[in-house]
Each structure stands twice: as structure tokens, then as C-alpha cells.
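The structure appears right after this line, and notes come after that.
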Amino acid sequence: MTQAVRDAYDARAEECASLFLGDLDRVPLDREWLGAFARRVSPDAGVVADVGCGPGHIVNHLAELGVEAVGYDISPAMVDEAQRAFPGSEFHVGDLTSLDIADSSLAGIVARYSLIHLAPAQLTDVFGEWFRVLKPGAPVLVSFFASNSSDTHGLPFDHAVVTAHQLFPETIVAEMRTVGFDGFETSTRKPLKGERPLDHGTTLARRRTR
């Protein structure tokens, strides 16, 4: 699946960048969640990673909030688009399932609509990887297309770029809690006019301090 996702986004990187760069202007709630995340980042704690950073607008927004952020994306073409749009920020090609980052080194992780392309059975291992690289107490912000029950968790849908999956917020919380996250806040919103007819889920949590 990793290669398929990389190839699909490489092929449509310029198109995706043009579509996603204005996301935060359309959805004020997303700005609110990013603000809540930024407030949980400890002062002078170091670098936050946006994993699945796409065209780089979240890294740029976090910088505007005073958070030092670096973007990682599996698609080299998307990384090129991000670097072109925000030359003052740092971006790298990287796989959110296996981060080339030292243990207990990150001040936070943001993952907006990047988990949806993984097989649901991978998610617990991914959260374990994130636990590894985060400092104790560091926050995680995850957004995704939300299913409305555990029965439909992982249900695939025809994403515009490559196959994606709906994720049930309560299942996401349970899996994150299993590997060592706590301090959860969650919300679900209905789709806006013009969006695909799926709810949007957001979960904010932190790596346990013990």
C-alpha cells in the first residue's frame, strides 16, 4: 500500500497542492484544533512533526502559532510542492509508519487525513511508533474521515487520489490508549457543502508521562 500511496500522490501532487492549500480558510474548526494542539506543546520542547504534510500549509500555520514544525510526506513530489510553497520551512520524504527519528525526541505530532490510506490493522503499530518518537507528555492531533460505528471502522471508500478508509473515533481513541496515550479530546463534524458525504473526526491526545 505504501508504494501505491506514494505513486498516486506523486502523480497528482500539483493538483492536490492547489486544492488543499486553502483548507484552513474553509474550516475554522481546524484552526481551533491546531490552536489547541499548539497550546499543548511545551515551550522550548523542540520540533513538532506533521506526518503526511501534503503541500505544507499546516507546517506553515504551526510556525505562525510559534511552534517549530517539520513536515514529512511519503510522496517526494508533494514534498517538492511544500518546499516550493513555503521555502522557509523544512520538509522531508518520510513514512509515518516508520519514522527515521530518535526515541523520545519530538515535541508533538500532527497527522491530518494521512492515516486514512493505511489498512486499519496497521494503526495500533503506527500509534506505537509515534509513542516511541514522542517526548513524555507531548501532544498528538489526528484528523480523519469518520465512520459512525465500530462496525464501519475501516470501511473503504473511493478517495479522489487513492483508496482510503473511514475510521471510528472511539476505536481510534481505544487503540491510542492501548499503546500509551491519554488526555483525549475528540469531536466530529458534518461535511460542509461541496465536501464528500462523510463526517470528519478529530482526536487530540498526549503521550503518557509514565
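The values are calculated or read from the model by the stated rules, or taken from the named source; none is laboratory data. Owing to the predicted nature of the structure, the values given are computational and were not obtained by experimental measurement. Every residue, glycine as well, gets a Cβ built from its backbone with ideal geometry; the counts of neighbours run over all protein chains shown.
Out of everything in the range 22-36 that is aliphatic (A, V, I, L, M), in contact with a His (Cβ under 9 Å, 6 or more places away or on another chain) and in a helix (DSSP H, G or I), what residue ends up being nearest to Ala11 (Cα to Cα)? Applying the filter and picking the extreme gives Leu24.
Of the residues making up the range 185-203, those that are buried (at least 16 other Cβ atoms within 10 Å of the Cβ) and either farther than 20 Å from Trp33 by Cα or touching a helix residue (DSSP H, G or I) at 6+ places or on another chain (Cβ under 6 Å) (or both) are Gly201, Thr202, Thr203.
Here His159 meets the list (1) in a strand (DSSP E or B); (2) out of contact with any Phe, Trp or Tyr (no Cβ under 6 Å at 6 or more places or on another chain) almost entirely, failing just condition (1).
Any residue that is modelled with pLDDT under 90 and touching a Lys or Arg at 6+ places or on another chain (Cβ under 7 Å) - is there at least one of those in the range 126-138? Scanning the range 126-138, I find no residue that is modelled with pLDDT under 90 and touching a Lys or Arg at 6+ places or on another chain (Cβ under 7 Å), so the answer is no. For the range 156-184, filtered to residues that are in contact with a Pro (Cβ under 9 Å, 6 or more places away or on another chain) and of a type in the set (A, V, I, L, M), the residue that is surrounded by the most Cβ atoms within 10 Å (Cβ to Cβ) is Leu167. Taking the criterion of being in contact with a helix residue (DSSP H, G or I) (Cβ under 9 Å, 6 or more places away or on another chain), within 19 Å of Leu198 (Cβ to Cβ) and in contact (Cβ under 8 Å) with a residue 60 or more places away in the chain, the residues of the range 116-132 that qualify are His117, Leu118. Selection over the range 37-80 of residues that are in a strand (DSSP E or B), touching a Ser or Thr at 6+ places or on another chain (Cβ under 9 Å) and small (Gly, Ala, Ser) gives a count of 2. Checking each residue in the range 184-210 for being in contact (Cβ under 8 Å) with a residue 24 or more places away in the chain and small (Gly, Ala, Ser) picks out Ser187, Gly201, Ala205.
Among the residues making up the range 14-67, those that are more than 23 Å from Asp100 (Cβ to Cβ), acidic (Asp, Glu) and in contact (Cβ under 8 Å) with a residue 40 or more places away in the chain are Glu14, Asp30. Residue count for the range 109-147 under the criterion of being among the small types (Gly, Ala, Ser) and under 9 Å from the mean Cα position of the chain (by Cα): the result is 3. Of the listed requirements (1) surrounded by fewer than 19 Cβ atoms within 10 Å (Cβ to Cβ); (2) of a type outside the set (Ser, Thr, Tyr); (3) touching a helix residue (DSSP H, G or I) at 6+ places or on another chain (Cβ under 9 Å); (4) on the phi < 0 side of the Ramachandran plot, Gly66 misses just one: (4). Figure legend. Inter-residue proximity from the range 133-158: first residues at positive phi, second residues assigned to a strand (DSSP E or B) and of a type in the set (Lys, Arg), beta-carbon distance below 7 Å, spacing 6+ or different chains. Indicated pairs: Gly137/Arg206; Gly137/Arg207.
Residues checked against (1) of a type outside the set (A, V, I, L, M, F, W, C); (2) surrounded by fewer than 20 Cβ atoms within 10 Å (Cβ to Cβ); (3) closer than 20 Å to Ala82 by Cα:
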{"site": "Ala11", "(1), (2), (3)": "no, yes, yes"}
{"site": "Ala17", "(1), (2), (3)": "no, no, yes"}
{"site": "Arg31", "(1), (2), (3)": "yes, yes, yes"}
{"site": "Ala49", "(1), (2), (3)": "no, no, yes"}
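Filtered by the rule that a residue be of a type in the set (D, E, K, R) and in contact (Cβ under 8 Å) with a residue 40 or more places away in the chain, the range 76-112 gives Asp80, Glu81, Asp95, Arg112.
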